[in-house]
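As structure tokens, the structure follows; a few thoughts come after it.
The values are calculated or read from the model by the stated rules, or taken from the named source; none is laboratory data. No experiment lies behind these values; they were computed from the predicted model shown. Cβ placement follows ideal geometry from the backbone for every residue including glycine, while neighbour counts extend to all protein chains displayed. Remember, those area values only see protein heavy atoms, side chains included, never the ligands or the DNA or RNA. Shrake-Rupley method; radii C 1.70, N 1.55, O 1.52, S 1.80 Å.
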Amino acid sequence: MNTIQSYFYLMKNNLIKQMRSYSFLIVVGISIFIGYACVPSAAAGYEVFYIGGVRGIYNSAWLGGMVAMLSTLLLWLFGFYMLRSQISDDQRFKVGQIIAATPISNIRYISSKVLSNFLVLIVIELIMIFAFMAMQLIRGESYEFNLLSYFAPFLFIALPSLLVLASLTVLFDVIPGLKGIIGNIIFFCLWIFFSVISIASPNSFWDLYGLDAIRSDMVEEAAKKYSFIATSKEGGSFGYYPIEGKVSTFNW
Amino acid sequence: MELDIQRVSKNSGSKQALQDVSLRLKPGVLGLLGPNGAGKSTLMRMLATIEKPSEGTIFWNGVDITKDPNLLRRELGYLPQDFGVYPNMNPMEFLEYMAAMKGLSVKSAKKRINELLEVLNLANDRKRLLGGFSGGMKQRVGIAQALLNDPSLLIVDEPTVGLDPQERIRFRNLLSTLSSDRIVILSTHIVTDIESIAPNIAVLSKGNLITYTSPEHLIQSVNDKVWNCIIPTTKLQEMQEKYTISSAIHRSDGVHARVVSDVRPIPHATSLPSSLEDAYLYYVSSLGVTQ
């Protein structure tokens with residue numbers, strides 16, 4: 001088996017193993033729920049992405065941007081805890097000794113775990129994208145479907161961020177001090193730190209999720225139609241924001 | 001093809017798990033016998049390149065595997081005593097995954113997987129998840145993964161645990177067939193498992209190699225040391241405390257105890273032809289393991 005074939009089979013079977021687990025089903029369920037909850041109807045009385053009380057029309061561009069931002073933010077949390085013990089699992093399932101007696105190199109074994117985790121995260125991301133596509137049709141504010149608007153943020157924002165996450169899942173599993181509950185707590189603190197930095201500190205070097213590229217453009221576009229946003233220092237941020245009356249929209 | 005174990009010792013903490021063991025193996029089955037804690041699994045883990053000896057060296061075809069383990073790993077099939085499988089995979093997927101770990105070519109891996117599933121009677125369950133398999137079926141999957149690369153050295157540690165009598169016989173026959181052109185090391189504490197298939201037997205006890213010989217020699221060496229003693233049931237406990245008893249059958253005239261001892265245990269004891277089990281008990285008990 002040459003290197004590419006070997007990686008293919010290692011990744012394929014790791015993906016199968018993961019996709020048949022309960023944790024994967026739970027994360028997929030959460031992803032679909034997020035798709036539903038984060039694209040509220042005009043009368044729902046709340047917003048998830050707040051730009052001074054206005055939001056974009058639910059078209060492909062807006063929802064593509066939203067799914068890229070939300071998935072990187074939330075997948076970093078759920079995805080990490082789902083995938084953080086792939087190497088420990090080999091020991092837990094008592095397959096470790098068999099693997100140790102094979103000629104596979106440490107680099108290939110570890111990199112195959114990183115790439116497999118990356119693949120699992122991509123699958124979840126794609127499920128989220130399809131959930132948001134479905135929400136575009138359900139909410140019916142725009143029936144113009146633009147696949148590039150969904151997949152460009154996925155390619156340029158989400159993918160690099162998920163590759164970093166996949167690497168971290170393995171890193172936290174091979175460094176002894178980062179295994180177990182201590183690693184879980186450290187990662188949670190890191191997630192809070194990076195989330196706060198990404199949302200509160202635009203253009204920051206520490207914006208690991210790459211949210212600012214999309215968010216700043218959304219805010220700029222909103223400011224063109226609603227002048228009060230241009231003078232506001234709030235920018236755009238994620239959270240649960242109750243809205244009274246009908247929400248104002250703009251085209252992004 | 002030669003596996004040369006030279007004065008190998010293994011310390012684990014303050015305990016010496018293996019002491020100064022030397023063996024030279026050629027194609028065929030080596031039965032590795034010994035009670036629990038004798039050092040069988042430690043020796044096997046070292047031969048499987050998972051652990052390194054504290055002292056001594058192991059050569060595979062003249063190459064020191066403690067320095068270059070990958071050379072042996074490419075030709076090695078290993079079934080550990082306590083192994084597991086991924087419950088969310090089916091046998092095909094698991095074996096495909098292990099074939100990728102072993103670096104087999106796709107074409108030969110697929111062919112080999114299909115052959116092994118047939119031979120090990122798993123073909124009808126190839127699409128079932130391993131999580132639902134019985135202990136014996138998992139054991140057969142473990143055996144299949146060990147044979148994936150058609151290994152020149154096959155190490156199987158307590159492979160018949162969990163197998164029913166029919167499966168044990170089938171497995172013994174499989175090992176016997178495989179041993180013609182490769183070295184097979186079969187570890188067990190069940191003497192009958194190796195009696196019929198191993199031309200060489202090594203007995204380990206408390207980390208020491210007690211003997212390394214053929215089954216015939218091993219049996220011959222205790223020829224005048226096996227006794228049939230008919231005793232009252234009330235005397236059995238006393239007899240067990242004094243001697244090694246390989247079996248005790250309750251009959252109307254008393255207990256027929258099969259005693260392994262250098263001396264006649266009781267005046268009217270009669271000599272019996274020895275078996276491999278008697279020889280095994282004699283050697284491990286003479287070091288105070290069973291007495």
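Where a ≥ b ≥ c are the square roots of the eigenvalues of the C-alpha gyration tensor, would you call segment A:39-86 rounded, which needs a/c under 1.5, or, failing that, prolate if a/b is larger than b/c, or oblate?
Values: a/c = 3.11, a/b = 2.35, b/c = 1.32.
It is prolate, given that a/c is not under 1.5 and a/b is the larger ratio.
For segment A:1-49, which chymotrypsin sites (Phe, Trp or Tyr not before Pro) pass both filters: DSSP loop (anything but H, G, I, E, B) and at most 13 other C-beta atoms within 10 Å?
Within segment A:1-49, no chymotrypsin sites (Phe, Trp or Tyr not before Pro) qualify (loop, at most 13 other Cβ atoms within 10 Å).
Please work out the C-alpha center-to-center distance from segment B:166-215 to segment B:138-152 and express it in whole Å.
Their Cα centres are 17 Å away from one another.
Per residue of segment A:77-86, what does 6.51 cos²θ - 1.76 cosθ + 1.60 with θ = phi - 60° give for ³J(HN,Hα)? Whole Hz please, x for Gly and Pro, Karplus curve as stated.
7, 5, x, 4, 5, 6, 10, 6, 10, 5
For the charge dipole of segment B:136-291, defined by +1 on Lys and Arg C-beta atoms and -1 on Asp and Glu C-beta atoms about the Cα centroid, which residue among B:Thr213, B:Ala144, B:Ser179 has the Cα displaced farthest towards the positive pole?
Comparing the listed Cα positions along the dipole, B:Ala144 ranks first.
Mind jotting down the distance between the C-alpha centroids of segment A:185-227 and segment B:11-69, whole Å?
Taking the Cα centre of segment A:185-227 as reference, the centre of segment B:11-69 is 58 Å away.
In a Gaussian network model over chain A where Cα atoms closer than 10 Å are linked, find which of A:Met218, A:Met135, A:Met19 has the largest mean-square fluctuation.
A:Met19
Using the alpha carbons of chain A, what is the convex hull volume per residue in cubic angstrom, as a whole number? Don't skip to the answer; put the middle values down first.
Numbers: hull volume 33.9 nm³, N = 252.
Convex hull volume per residue, Cα atoms: 134 Å³.
With a ≥ b ≥ c the root eigenvalues of the C-alpha gyration tensor of segment B:134-224, is it rounded (a/c under 1.5), prolate (a/b larger than b/c) or oblate? Don't skip to the answer; put the middle values down first.
Values: a/c = 1.90, a/b = 1.63, b/c = 1.17.
Here segment B:134-224 falls in the prolate category.
How large is the charge dipole for chain A, taken about the Cα centre, if only the Cβ atoms of Lys, Arg (+1) and Asp, Glu (-1) carry charge, to the nearest 20 debye?
On the way: 16 positive and 14 negative charges, 149 e Å.
The dipole of chain A has a size of about 720 debye.
For Cα pairs less than 8 Å apart in space and 6+ apart in sequence, what is the mean separation divided by the residue count of chain B, i.e. the relative contact order in percent? If you can, show how the numbers build up before the last one.
Working: 566 pairs, mean separation 61.4, N = 291.
Relative CO of chain B lands at 21 percent.
Return the calculated 222 nm mean residue ellipticity for chain A, to the nearest 500 deg cm²/dmol, obtained by summing -39500 (n - 2.57) across DSSP H runs with n ≥ 4 and dividing by the residue count.
Details: 11 runs with 166 residues, N = 252.
Helix contribution divided over all residues of chain A: -21500 deg cm²/dmol.
Which Cα, out of A:Phe49, A:Ser71, A:Ser6, lies furthest along the positive dipole direction of chain A (beta carbon charges, K/R +1, D/E -1)?
Of A:Phe49, A:Ser71, A:Ser6, it is A:Ser6.
List the relative contact order of segment A:146-252 as a percent without decimals, with contacts defined as Cα pairs under 8 Å and 6+ residues apart. Mind dumping the intermediate values first?
Details: 60 pairs, mean separation 20.0, N = 107.
Computed value for segment A:146-252: 19 percent relative contact order.
Distance check, please: which entries in B:Lys138/B:Lys206; A:Lys12/B:Lys111; B:Lys40/B:Lys110; A:Lys224/A:Lys246; B:Lys52/B:Lys110; A:Lys94/B:Lys127 exceed 26 angstrom between their Cα atoms?
On the way: B:Lys138/B:Lys206 30 Å; A:Lys12/B:Lys111 19 Å; B:Lys40/B:Lys110 33 Å; A:Lys224/A:Lys246 20 Å; B:Lys52/B:Lys110 33 Å; A:Lys94/B:Lys127 22 Å.
Long pairs (Cα-Cα over 26 Å): B:Lys138/B:Lys206; B:Lys40/B:Lys110; B:Lys52/B:Lys110.
Mind checking the mean number of beta-carbon atoms from other chains within 10 Å of the Cβ atoms in B:94-100? Please report the intermediate quantities before stating the final value.
Details: counts 3, 1, 5, 9, 7, 5, 14.
For peptide B:94-100, the averaged partner shielding equals 6.
Of chain B, which part is the longest with no trypsin sites (Lys or Arg not before Pro) in a loop (DSSP not H, G, I, E, B) and with at most 10 other C-beta atoms within 10 angstrom? Show your work: numbers first, answer last.
Values: sites that count: B:Lys67, B:Lys127.
No qualifying site falls inside B:128-291, the longest such stretch.
If you average 1/r over every pair of different alpha-carbon atoms in the protein assembly as shown and take one over that average, what Kirkwood value in Å do you get?
Numbers: mean 1/r = 0.0359 Å⁻¹.
Mean inverse Cα-Cα distance, inverted, gives 27.8 Å.
Only Lys, Arg, Asp and Glu count, each charged at its Cβ (+1, +1, -1, -1), so figure out the dipole size of the protein assembly as shown about its Cα centre, rounded to 20 debye.
240 debye
When only Cα pairs under 8 Å and 6 or more residues apart are kept, what is the percent relative contact order across segment A:52-206? Write down the numbers at each step before the final one.
Working: 121 pairs, mean separation 65.5, N = 155.
Reported as a whole number, the value is 42 percent.
For chain B, find the longest principal axis of its Cα atoms and tell me its angle to the long axis of helix B:276-285, 0 to 90°, nearest 10.
For B:276-285 against chain B, the angle is about 80 degrees.
Scanning chain A for trypsin sites (Lys or Arg not before Pro) in DSSP loops with at most 16 other Cβ atoms within 10 Å, what's the longest stretch left with none?
Values: sites that count: A:Lys94, A:Lys179, A:Lys233, A:Lys246.
With trypsin sites (Lys or Arg not before Pro) excluded where exposed in loops, chain A gives A:1-93 as its longest stretch.
What's the center-to-center distance, using Cα atoms, between segment A:104-146 and segment B:228-251 in Å?
Answer, in whole Å: 71.
Need one number: buried accessible surface between chains B and A, 1.4 Å probe, both sides summed, DNA, RNA and ligands left out, in Å² to 100. Mind showing how you got there, number by number?
On the way: alone 13890 and 12900 Å², together 24030 Å².
Buried surface at the B/A interface: approximately 2800 Å².
So which chymotrypsin sites (Phe, Trp or Tyr not before Pro) in segment A:86-189 are both in a DSSP loop and have at most 10 other Cβ atoms within 10 Å of their Cβ?
On the way: sites: A:Phe93, A:Tyr109, A:Phe118, A:Phe130, A:Phe132, A:Tyr143, A:Phe145, A:Tyr150, A:Phe151, A:Phe154, A:Phe156, A:Phe172, A:Phe187, A:Phe188; in loops: A:Phe93, A:Tyr143, A:Phe145.
Passing both the DSSP loop test and the Cβ count: A:Tyr143.
Given just the C-alpha atoms of segment A:91-140, how large is their convex hull per residue in cubic angstrom? Mind showing how you got there, number by number?
Working: hull volume 4.0 nm³, N = 50.
Taking only Cα atoms, segment A:91-140 has a hull volume of 79 Å³ per residue.
Can you give the calculated 222 nm mean residue ellipticity of chain B, where each DSSP H run of n ≥ 4 adds -39,500 (n - 2.57) and the sum is split over every residue, rounded to the nearest 500 deg cm²/dmol?
Working: 10 runs with 94 residues, N = 291.
Result for chain B: -9500 deg cm²/dmol, rounded to the nearest 500.
Please work out whether chain B counts as rounded, prolate or oblate from its C-alpha gyration tensor, where a ≥ b ≥ c are the square roots of the eigenvalues and a/c under 1.5 means rounded, while otherwise a/b larger than b/c means prolate and anything else oblate?
Prolate, because a/c is 1.5 or more and a/b exceeds b/c.
Taking the 0 to 90 degree range and rounding to the nearest ten, how far is the long axis of helix A:180-200 tilted relative to the main principal axis of chain A, both from C-alpha atoms?
Between helix and principal axis, roughly 30 degrees.
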